[in-house]
1. Out of (1) open to solvent by 30 Å² or more (accessible area, probe 1.4 Å); (2) within 16 Å of the ligand (Cβ to nearest atom); (3) not assigned by TED's automatic domain parsing to the domain that holds VAL27, what's the single condition that is false for LYS148?
2. What are the residue pairs meeting all of these: first residue in segment 28-53, first residue within 11 Å of GLY65 (Cβ to Cβ) and open to solvent by 50 Å² or more (accessible area, probe 1.4 Å), second residue within 9 Å of the ligand (Cβ to nearest atom) and not β-branched (Val, Ile, Thr), Cβ atoms under 9 Å, and 6 or more apart or on different chains?
3. Give the residue that is nearest to ALA12 (Cα to Cα), with candidates limited to residues of segment 24-41 that are near the ligand (Cβ under 6 Å from one of its atoms) and more than 9 Å from the chain's Cα centre (by Cα).
4. Regarding PRO188, is this residue within 17 Å of the chain's Cα centre (by Cα) and either of a type in the set (A, V, I, L, M) or not assigned by TED's automatic domain parsing to the domain that holds ASP86 (or both)?
5. Of all residues in segment 117-176, which are without any contact (Cβ under 8 Å) to a residue 60 or more places away in the chain and among the acidic types (Asp, Glu)?
6. Taking only segment 178-213 into account, find how many residues are part of a loop (DSSP other than H, G, I, E, B) and crowded, with 16+ Cβ neighbours inside 10 Å.
7. Give the number of residues within segment 108-121 that are in a strand (DSSP E or B) and either open to solvent by less than 10 Å² (accessible area, probe 1.4 Å) or closer than 25 Å to GLU158 by Cβ (or both).
8. Give the number of residues within segment 9-47 that are within 16 Å of ASP89 (Cβ to Cβ) and of a type in the set (A, V, I, L, M).
Amino acid sequence: MKNQHKCNPRQAAGECAAKLVENGMVVGLGTGSTTAYAIKELGRRVADGLEIQGVPTSYQSSFLGAENGITLTTLDEHPEIDIDIDGADQIAGFTAIKGGGAAHTREKIVALSSKKFVVVVDESKCSDILSHPVPIEVLPFALKLVIKQLAELGGKAELRMGVSKDGPVISDNGNFIMDADFGRIDDPDSLGKKLSQCCGIVEHGIFTGVDAVYIGKKDGSVDIREA
Ligand code: 5RP
């Protein structure tokens, strides 16, 4: 199914996915530039009378949600979320690599707490095989051990460095972020499970179990893929 949309591909995908949200829903507010369009669209609908509560996945989405008039809530108050809308750095089928904004730990917690997990991307993010470096949130105390374990799994890991900040990126949870290049990832499910077993890794950016993908295209249309 395609929806015609007059704006840029990320905006098209984000705004189109925001239409899935219905009155009374608890909504996961993802992080990143594509999701920001969904959050702004939800803010416009709230101004028109839509009643929702949002669970932010980062300071970014928390600030943006509040600025756009969305009532914020927590997983403690709403452990089950109706729908989560979030971006991705790369997607193949219904598996995504996330964490370009260093928010993948909270993003995964929110995604796994949601009845429907919707990924919004522009078409440049789509691939047949995943190969994007995998963001890894690392407990700072375990940095060297994590680098060793990633190397044993075939990953070349780099500590993500700050822009407009000297030294490493610090996540919203107070941890380091590494980007681990595994080349072509033929079995993301298996790699994800191995990464989850590494001591010192807080969370990795491989997300299986995406329920729907909204792909914004250059011509303004949106391809919708349901799992
Ligand atoms: C943040 C993320 C983002 O969703 C991902 O990086 C995509 O961002 P954008 O829509 O700006 O390209 O995973 O941790």
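1. Of everything listed in (1) open to solvent by 30 Å² or more (accessible area, probe 1.4 Å); (2) within 16 Å of the ligand (Cβ to nearest atom); (3) not assigned by TED's automatic domain parsing to the domain that holds VAL27, LYS148 misses just condition (2).
2. Hits for this filter: LYS40/GLY14.
3. Out of the qualifying residues, it is THR34.
4. Details: within 17 Å of the chain's Cα centre (by Cα): yes; either of a type in the set (A, V, I, L, M) or not assigned by TED's automatic domain parsing to the domain that holds ASP86 (or both): yes.
Spelling it out, PRO188 is indeed within 17 Å of the chain's Cα centre (by Cα) and either of a type in the set (A, V, I, L, M) or not assigned by TED's automatic domain parsing to the domain that holds ASP86 (or both).
5. Hits for segment 117-176 are ASP128, GLU152, GLU158, ASP166.
6. Initially, segment 178-213 is screened for residues part of a loop (DSSP other than H, G, I, E, B), giving 182-184, 186-187, 197-200, 205, 208-211.
The next check asks that each one be crowded, with 16+ Cβ neighbours inside 10 Å; those that pass are 182, 198, 200, 205, 210-211.
Here the count works out to 6.
7. Of segment 108-121, the ones in a strand (DSSP E or B) are 114-121.
Remaining after also requiring either open to solvent by less than 10 Å² (accessible area, probe 1.4 Å) or closer than 25 Å to GLU158 by Cβ (or both): 117-121.
Final tally of qualifying residues: 5.
8. We begin by selecting, within segment 9-47, every residue within 16 Å of ASP89 (Cβ to Cβ); these are 9-10, 13-14, 30-36.
With of a type in the set (A, V, I, L, M) added as a condition, the list becomes 13, 36.
The number of residues fulfilling the criteria is 2.
The values are calculated or read from the model by the stated rules, or taken from the named source; none is laboratory data. Bear in mind that the values here come from a model prediction, so they are computed numbers and not experimental data. Please note: Cβ atoms are built from the backbone with ideal geometry, for glycine as well, and neighbour counts cover all protein chains shown. Surface areas here come from the heavy atoms of the whole protein model, side chains and all, with no ligands, DNA or RNA. Shrake-Rupley method; radii C 1.70, N 1.55, O 1.52, S 1.80 Å.
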